[in-house]
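Please read the structure below before turning to the comments.
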Amino acid sequence: MNNTDTINLLKETDKGVQMSILSFDQLLEKVSEPSLKMLLTESRDDHKRLKNEVENLLTALGSSKDEPPMMAKTMAWMETNIKMGMEYNDRVIADIITKGCDMGSRNLQKYINQYDTCDLSAENTAKKLIQLEEDLSEALKVYL
């Protein structure tokens, strides 16, 4: 086990889960379809549970979490508001979240490959986030 790789992967996982929660919080209030709202609320809750798990692992390793870069948060906010400004409906929300899930999953897989000497618990935690994102993306297809 490489403690540095383990901490780095957990920090990237934490940033990813924080960005997901930020997106849910930004978009949930705009959803009109009750079933979509319930799906996104449940997914946000799953992401929050995973966020707590990641933070506990980081604390156990004597590390703290990092915030997602301000530029990433700003760009996500801008993209969401531009798309929502052009067309305001649940299909657009599902599309925004699906694209975010895809991007997040791909980025996190790259980090798993990059930090290849990390502890198995860190890799499994990152894979949990990838699975959450892939499951949500699949569930959102009916709303696209």
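Residue by residue through region 40-79, note down the ones that are outside any loop (DSSP other than H, G, I, E, B), modelled with pLDDT under 95 and within 13 Å of the chain's Cα centre (by Cα). Answer for region 40-79, where residues must be outside any loop (DSSP other than H, G, I, E, B), modelled with pLDDT under 95 and within 13 Å of the chain's Cα centre (by Cα): Ala72, Lys73, Ala76.
If I filter region 1-33 down to residues being acidic (Asp, Glu) and out of contact with any Phe, Trp or Tyr (no Cβ under 9 Å at 6 or more places or on another chain), which single residue comes out as least open to solvent (accessible area, probe 1.4 Å)?
Step one: of region 1-33, the residues acidic (Asp, Glu) are 5, 12, 14, 25, 29, 33.
Subsequent filtering for residues that are out of contact with any Phe, Trp or Tyr (no Cβ under 9 Å at 6 or more places or on another chain) retains 14, 25, 29.
On the way: Asp14: 0, Asp25: 77, Glu29: 140 Å².
Filtering first and then ranking leaves Asp14.
If you scan region 16-40, which residues turn out to be of a type in the set (A, V, I, L, M, F, W, C) and out of contact with any helix residue (DSSP H, G or I) (no Cβ under 7 Å at 6 or more places or on another chain)?
Met38, the sole residue that qualifies.
On inspection, Leu136 does not qualify as at pLDDT 95 or above, in contact with an Asp or Glu (Cβ under 8 Å, 6 or more places away or on another chain), surrounded by 19 or more Cβ atoms within 10 Å (Cβ to Cβ) and in a helix (DSSP H, G or I).
Screening region 88-116 for residues that are open to solvent by less than 60 Å² (accessible area, probe 1.4 Å) and part of a loop (DSSP other than H, G, I, E, B) and picking the one that is farthest from Ala139 (Cα to Cα) gives Tyr115.
The values are calculated or read from the model by the stated rules, or taken from the named source; none is laboratory data. Owing to the predicted nature of the structure, the values given are computational and were not obtained by experimental measurement. Reconstructed Cβ throughout: ideal geometry from the backbone, glycine too, with neighbour counts over all protein chains shown. Keep in mind that these areas ignore ligands, DNA and RNA; they rest on the heavy atoms of the full protein, side chains included. Shrake-Rupley method; radii C 1.70, N 1.55, O 1.52, S 1.80 Å.
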